[in-house]
Amino acid sequence: MRTEGLQNTYNILLVEDNEDIQEINQRFLIRRGYTVRLAFSLAEARQDIEENRPDAIVLDIMLPDGSGLDFLSELKEQGINIPVLLLTALSESSDEVRALEEGGDDYLAKPYENNVLAARIEALLRRAERVPETVTKGALKLETYSGQAMLSGENLNLTRKEFDIILLLAQNEDCLLSTESLYEKVWGQPMMDDNNAIRTVISRLRTKIEHSGYVIEPLRGKGYIFTKW
């Protein structure tokens, strides 16, 4: 695990079939101190991940040889835990929620500012910098280094967003965490007026941990509490 600052430290894989966008993003991120590699298809992305294991992936949803969402599912099935920022031209909130459900850590709708892209990447990398330790709550075990959650020995296969939220809640047992603070810490940006994304993630988590001996209690208009049954 790295202890230096973000610049001059991390390897970023950009997966996008638009050469102009790739060139612009690559130049900008290199100026920010990143090592940047390019893939113009999912086949090239698979090869790069196998050979180089990037620290983060910026992934377009629509690619010439398949869907970025299907690719996310593939990575998850293989147990490859690399932070993924999805780039999408989709504008419907349901599409954005699906992107998170499929295992994406964050999404950014096109068009976007390069400064915003860099900020989202930095937020992903900072959240991925975890001290190797385990948080155990009842039958639930959170392996903070690998980002895995185990329930009675079985892997819950949580997305990165799900894991980050349950870890924050578990580390603050019996304490109220506001919806806004959870969103800002996990998404790396202000929540603004839309809390649909965090409600969706919390709803999935409540179902997944229902046999752990703990529950996530929602307090309407205030936030959430992680507590024993």
Rg(Cα) / (2.2 N^0.38 Å) computed for the chain, rounded to two decimals: 1.01
What number comes out for the charge environment of Glu162, summing +1 per Lys or Arg and -1 per Asp or Glu over other residues with Cβ under 9 Å away? +3
Segment 133-173: Kirkwood hydrodynamic radius (Cα pairs, Å) comes out at 9.9 Å
Within the chain, what whole-number % of the accessible surface is contributed by carbon and sulfur, with the 1.4 Å probe and all protein chains included in the calculation? 46 percent
Determine the calculated [θ] at 222 nm for the chain from helices alone, applying -39500 (n - 2.57) to every DSSP H run no shorter than 4 residues and normalising by the residue count; nearest 500 deg cm²/dmol. -12500 deg cm²/dmol
R0 = 25 Å: FRET efficiency of Met192 with Asn172, Cβ-based, nearest 0.05? 0.60
Sort 44-50, 157-163 for me by packing, meaning the mean count of neighbouring Cβ atoms within 10 Å per residue, highest on top. 157-163, 44-50
Folded to 0 to 90 degrees: helix 42-52 orientation relative to the chain principal axis, Cα: 80 degrees
Under the Karplus relation 6.51 cos²θ - 1.76 cosθ + 1.60, θ = phi - 60°, what is the ordered set of whole-Hz ³J(HN,Hα) values for segment 106-118, x standing for Gly and Pro? 6, 9, 9, 7, 7, x, 9, 8, 4, 5, 5, 4, 4
What dipole magnitude, in Debye to the nearest 20, does the chain give about its Cα centre under +1 on Lys/Arg Cβ and -1 on Asp/Glu Cβ? 920 debye
Going down the table (Lys76/Lys137; Lys185/Lys222; Lys161/Lys185; Lys76/Lys222), which pairs top 22 Å between alpha carbons? Lys76/Lys137; Lys76/Lys222
Could you calculate the contour length gain from Glu19 to Thr134, that is, 0.36 nm times the residue separation minus the distance between their Cα atoms, to one decimal place in nm? 37.2 nm
Can you say what percent of the DSSP beta bridges in the chain, counting only those with both residues inside, are antiparallel? Round to 5. 55 percent
Length gain on complete extension for the stretch Asn52 to Glu210, per 0.36 nm per residue less the alpha carbon to alpha carbon distance? 53.1 nm
For the chain, the longest principal axis of the Cα atoms and the Cα long axis of helix 196-208 enclose an angle in degrees, to the nearest 10, of 60 degrees
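The values are calculated or read from the model by the stated rules, or taken from the named source; none is laboratory data. The structure presented is a predicted model; accordingly, all values stated were derived computationally and were not measured. Ideal geometry is used to build each Cβ from the backbone, glycine not excepted, and the neighbour counts take in all protein chains shown. Surface accessibility is based on the protein's heavy atoms, side chains included, excluding ligands, DNA and RNA. Shrake-Rupley method; radii C 1.70, N 1.55, O 1.52, S 1.80 Å.
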